[in-house]
Amino acid sequence: MNGLLGWLRRRGSSAEPPAAAVTTPAADPAPAAFVPVARIEELPPGGRKLVQVGGHAVLVLNIGGALYAVPNACPHRNWPLSEATERAGVLKCVRHGWEFDVASGRGTWPPFGYRLRHLPLRVLGDQVEVAWVDPEVELAH
């Protein structure tokens, strides 16, 4: 028998595994809290604005009329994306040259590894609102 129960039995114990070894699904997290960050006229196509949401730096961009909010840190080495150049919807980090398609979040150069993380964004009237949500941990495959 393998695992914790096998080890316990080999040691002469018939005890059940400790409670810490049993996991249960976590409850649904609380809904994201949206924070007003700009008026819609402050973000014309091609515009960007660095804002604070929940103590985190967030970059809000208007790419071809669509609004996006991303953490202001390059996924590669955390360089501020507010310093990145944007061309045809692709952000290029000025530190190491990594490029990311803003709409999909996909890395375009090099074409592997890191992705932009989108944050929840909504427009209410003329107000742009963003919510900070912590990243989900992905298990290795």
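Since every read-out is calculated from the coordinates, none of them should be taken as a lab result. Since this is a predicted model, take the numbers as computed values, not measurements. Cβ sites come from the backbone with ideal geometry, for glycine too, and all protein chains shown count toward neighbours.
Near ALA84: Cβ cut-off under 13 Å, other residues only, Lys/Arg at +1 and Asp/Glu at -1. The net charge is +1. Where Lys and Arg each count +1 and Asp and Glu each count -1, what net charge lies around PHE100 among other residues with Cβ under 11 Å from its Cβ? My count for the surroundings of PHE100 gives +1. Loop-located GluC sites (Glu not before Pro) across the stretch 74-141 with a Cβ neighbour count of 14 or fewer within 10 Å are GLU136, GLU138, with loop assigned by DSSP.
Which residues among the stretch 34-63 fall inside the zone where the amide N is under 11 Å from a point 7 Å beyond the Cα of GLN127, along Cα→Cβ? It comes to 34-39, nothing else. Taking every C-alpha pair closer than 8 Å and separated by at least 6 residues, the mean separation divided by the residue count of the stretch 46-139 gives a relative contact order of 20 percent.
When peptides 38-45, 108-115, 89-96 are sorted by average Cβ neighbour count within 10 Å, with the highest value leading, the order is 89-96, 38-45, 108-115.
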